[in-house]
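Novice: Sending over a structure as structure tokens; questions will come in a sec.
The values are calculated or read from the model by the stated rules, or taken from the named source; none is laboratory data. Note that this is a predicted model, so its numbers are computed, not measured. Please note: Cβ atoms are built from the backbone with ideal geometry, for glycine as well, and neighbour counts cover all protein chains shown. What goes into the accessible areas is simple: the full protein's heavy atoms, side chains included, and nothing from ligands, DNA or RNA. Shrake-Rupley method; radii C 1.70, N 1.55, O 1.52, S 1.80 Å.
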Amino acid sequence: MSENDVLEMESLSDTEGVDRDVSVGMVDEEIVYPEEFLPTYHTIAQGAKLAKTLQAEFNNKPDSLFFNDGVRRIDFILVYEDEDKKEFDKKNTPQRHKKRRQFFEASLMNMGLELEGTKSVLDDKLMFVKVHMPWDVLCTYAEVLHIKLPIQANDLSSRPSPWRFLSCITKHFYPNEDLIGKEAEFFTAPFEKDRLEYFYMKDKDLFFTPAMRSRMASFEMLAFYILSRAPYEIRGNAKKFGITKLLDSGVYKAAYPLHDCRFNVRSREEGCPNERYLLYQEWASPKSFYKMQPLDLIRKYYGEKIGIYFAWLGFYTYMLALAAVVGLCCFIYGYKTQETSTWSKEVCDPQIGGQIVMCPQCDKFCSYWRLNNTCEASKKLCIFDNFGTLVFAVFMSIWVTLFLEFWKRYQAQLEYEWDTVEFLEQEEPSRPEYEAKCIYERKNPVTGVKEKIPYTKCGRCVRVSIGIGTVLFWILLIVASIVGVMVYRLAVFFAFSTSLRTQDLKQLEPIKEYVTPQMATSVTASLINFVVIMILNMLYERVAIWITDFELPRTKTDYENSLTLKMFLFQFVNYYSSCFYIAFAKGKSVGYPGNPVYLGHYRNEECDPGGCLFELTTQLSIIMGGKAIWNNIQEVLLPHLSLIFHRWVKNLILRHCARGDAQNTIPRWEQDYRLQPFSSLGLFYEYLEMVIQFGFVTLFVASFPLAPVLALVNNLFEIRVDAWKILTQFRRIVPEKAQDIGAWQPILQGITIVAVATNAMIIAFTSDMIPRLVYYWSFSVSPYGGYANNTMQGYINSSLSVFDTRDFTNDSKPIDSYNITTCRYRDFRYPPGHPRQYEHNVYYWHVIAAKMAFIIVLEHIVYLTKFILSYMIPDVPYAVKEQIKREKYLTQVILHETNLKLVTKHLKLRDDEDDPAVPPEENGSIEDLDNNF
């Protein structure tokens, strides 16, 4: 390729005119692609006649997955609108599309693919091109792409399951073995045509599964080698290529592999595996919600990338069951003990809480109030703020470690079973968008060979800097929105404080005890914050994709990892910032009634006398619950409405077609075309949804023990909803290979590390557990207290400081004084008249020291336990290690035997050549044997 040659996806927009005097030239030089990338491709010579796709009428076999001859299997479908039946426009776009399509299809046939076109039975303008990969092409690309295929049955005995004695019960929780049998286990090796006899092949037609064929024929991942690299136009030195751009520009309307049958009806074709139907019956159907997932069949039908997602989601849901049981027990414990809490009884006691007058929580217009007004709120706080919560927080810190370590083991087992152990990133080809902009040269530091890159080092720094700057700008925008919600909280709290204390709330009689200024402010602010989160999500999603496109990552894995990091950073700040504010900022810097702290013109917000923990619980439940409801509306309700609309349109069309039993005469490829296309980022959003949920379950679980329960219920629905969507609503997803869950793995590990610190700080700074413990062990008895034994009696009085109402400033003094001389407020300060009045007392410093000690001790214990567990639990099971070693040994044996035979034959031929009695033509060509060797 010359220095002036430029590979591009598109140099002119589709709306630009085409000079009719300029013909589309076909160069006859072998420079379009390196031979190692397209082993079956030979450049179309200039002026050569383009091969045309053969046209065939529909044979009235709606379930057929073959060409009309019934022999060649359909590996892929391309759909386009016939340009000859379009209205001619002055910009000549349809004719331009036709030339590109014809050249593209000729290129595909030149690569060895076989094509057959068929008209639509519902729309005369639509044409369907069926793509078939012959055996020789399959073998060639299987070797080039290092696809691993069976060489021998697995002869290592598997260890018996510890649950085998309960098989009579557990078998009901697994897919029906009569429908979905267990996959046979084989040792595998990278395919080589010269060693075909060593591979385990019963049926030549079934040697390459449909998923493998689709990967080799599609435009996803391994598909670069054919559809994504086939040129569709060569103009001068600019070479345009790839099915992706043809889809974007409208040359083709769709490209997809076929479903093997309808999801709810078996195929009438003999020999059809009906895998889609089986998956629906045993996986996606609501009646199978309690069954384990048929992961091997999912992987076989959709590929490893979809399979690993559902494997991870299922494993995460399985582990959530244990966390949900423990969390539910902690919640029940708190619910049962709320009536026996000493400090809650004191709040509700008319002789204690009813006699304590609390200071106003805002300036001038707020009035004094009685502590027992928060009686019901204090009882509900006891449900979440108790010693069971501490135990649960420690348990969850250990649980996340076990979850990640056992997932690594399970993932390693799947890697081996699904032949992705040696799936390396360097095997992944570059994205067409990356190759299209490769105009600079550099020397590869590994191979020493010159290669094309799309930017210089300086250009890459500029791209990355712009991307980082944009991400930081949007994160600051989120922070600004949180500040706006904070200002709303301050302003609305002032309004609620002046209205709820004076108005008659008879219309709210059933919930009157719960309607406090703090609760009303918290609920409304949480709802507004949730709406802001959803709006910012929709805006930032477009920005993140634009930034990632601008950075131009080389491979699809790089692209997804870059987008994953950007989206997660944004979502982390967007979803969790309000929770961090309530947990660690609200009520921590409010001063005291005579000298309050202001945020602008508003007095800083205070917590309830029981702390901000219950408000944090409210915030979490609204955001987590609202997010789950919104996602289910998007995933279930909207597709249902879309399905109803499409059925109405289809019935309307069929009514006018007058084809009799038209539903039974629509071919398989046209039925699939009516389904929705699966977005290339569809799986990304599923992962993102679950990882955000994982953050809610782990980061703030100390304030909301029911979070694992809600997550478990949501995930039980999520698995079946996702399965139902991809099986019934979408075209068949192009299979892709994946070794693990990608960039989400380190993100999950980062969340688990942060979760230990956040939960320790929630218990220390957000709940009242540490102040209560300090009072119980130190300040309830001598020398600070007056009780003979450790007790919680008197805690409420000791946790509230005294304020002299004469010390109010003119700006903060309430209008209605009610002749009250002193009031109480939540803090640990010396009383008026003391030499150090309104300064923090010794109780405050004891509590601070206890909080810091608690955080340090808890973090070290938990981190040490996590480290020990990580060390004790190996990432790869011992049995899997044995199988990997056995497979490598068999592969080496085969290579050794093959090379030994070639050497023996080579030496024999040389000996026979030296023997004049043996004619050379009977021994074959030594040169040919050397080449094979």
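Novice: With every protein chain kept in the model, how would you rank ARG603, ARG268 by accessible area, 1.4 Å probe, largest at the top? Before the final figure, lay out the partial values.
Specialist: On the way: ARG603 30, ARG268 165 Å².
If we order ARG603, ARG268 from most to least accessible, we get ARG268, ARG603.
Novice: Then there's this: Please give the solvent-accessible surface of MET872 in Å², to the nearest 10, using a probe radius of 1.4 Å with every protein chain present.
Specialist: Result for MET872: roughly 130 Å² accessible.
Novice: List the residues, sorted by chain then number, that are 5 or more residues from MET292 or on another chain and whose placed amide H is less than 5 Å from its amide H.
Specialist: Under 5 Å from the amide H of MET292 lie the amide H atoms of TYR174, each far enough along the sequence or on another chain.
Novice: Heads up, I need the accessible area for TYR889: 1.4 angstrom probe, whole protein in place, Å², nearest 10.
Specialist: Solvent-accessible area, nearest 10 Å²: 120 Å².
Novice: While we're looking at this one, here's another question. Evaluate 2.2 N^0.38 Å with N set to the residue count of segment 572-613, then give the Cα radius of gyration divided by it. The partial results should precede the final answer.
Specialist: Details: Rg = 11.8 Å, N = 42, 2.2 N^0.38 = 9.1 Å.
That ratio works out to 1.29.
Novice: Give the dimensionless ratio obtained when the Cα radius of gyration of segment 663-775 is divided by 2.2 N^0.38 Å.
Specialist: On the way: Rg = 21.1 Å, N = 113, 2.2 N^0.38 = 13.3 Å.
That ratio works out to 1.59.
Novice: Something else: Ordering LEU328, LEU371 by how much accessible area each has at a 1.4 Å probe, largest first, what is the list? Intermediate results must be reported in sequence, preceding the final value.
Specialist: Details: LEU328 75, LEU371 0 Å².
Of LEU328, LEU371, the descending order of accessible area is LEU328, LEU371.
Novice: For segment 328-415, would you read off the P(r) tail past 14 Å as a percentage of all alpha carbon pairs?
Specialist: Tail fraction, whole percent: 73.
Novice: Related question: Tell me the Kirkwood hydrodynamic radius of segment 321-369 in angstroms, computed as one over the mean inverse distance between distinct C-alpha pairs.
Specialist: Details: mean 1/r = 0.0728 Å⁻¹.
Hydrodynamic radius (Kirkwood, Cα only) of segment 321-369 equals 13.7 Å.
Novice: With label points built 7 Å along Cα→Cβ from the Cα atoms of SER782 and VAL71, find their separation and express it in nm.
Specialist: 10.6
Novice: Can you compute 3J(HN,Hα) from phi for each residue in segment 784-790, using the Karplus curve 6.51 cos²θ - 1.76 cosθ + 1.60 with θ = phi - 60°, rounded to whole Hz and x for Gly and Pro?
Specialist: 8, x, x, 9, 6, 10, 4
Novice: How far apart, in nm, are the 7 Å Cα→Cβ label points at ILE848 and ASP549?
Specialist: Going by the 7 Å Cα→Cβ label model, 5.3 nm.
Novice: Still on this model: Return the Cα extents of segment 267-316 along principal axes one, two and three, sorted largest first, each rounded to a whole Å.
Specialist: 39, 25, 10
Novice: Given the protein chains as shown and a 1.4 Å probe, how many square angstrom of LEU900 are accessible, to the nearest 10?
Specialist: 90
Novice: What order do GLU417, GLU670 take when sorted by accessible area (1.4 Å probe), most exposed first? Intermediate values should be presented prior to the final figure.
Specialist: On the way: GLU417 70, GLU670 0 Å².
The most accessible residue leads, giving GLU417, GLU670.
Novice: How would you order 477-485, 732-740 from highest to lowest mean count of nearby Cβ atoms within 10 Å? Each step should come with its number before you reach the end.
Specialist: Values: 477-485: 15.7, 732-740: 22.1.
Per-residue mean Cβ counts within 10 Å order the peptides as 732-740, 477-485.
Novice: Pairs LYS364/LYS586; LYS457/LYS556; LYS305/LYS566: which are spaced more than 30 Å apart, C-alpha to C-alpha? Intermediate values should be presented prior to the final figure.
Specialist: Numbers: LYS364/LYS586 22 Å; LYS457/LYS556 21 Å; LYS305/LYS566 21 Å.
Cα-Cα > 30 Å for no pair; all within.
Novice: For segment 262-394, I need the span (max minus min coordinate) of the C-alpha atoms along each principal axis, in Å, sorted largest to smallest.
Specialist: Principal-axis extents of the Cα atoms in segment 262-394, largest first: 85, 35, 25 Å.
Novice: Which peptide among 243-251, 384-392 comes first, and what is the full order, when sorted by highest mean count of other Cβ atoms within 10 Å? Walk me through the numbers before you get to the answer.
Specialist: Working: 243-251: 20.1, 384-392: 21.7.
Packing proxy ranking, top to bottom: 384-392, 243-251.
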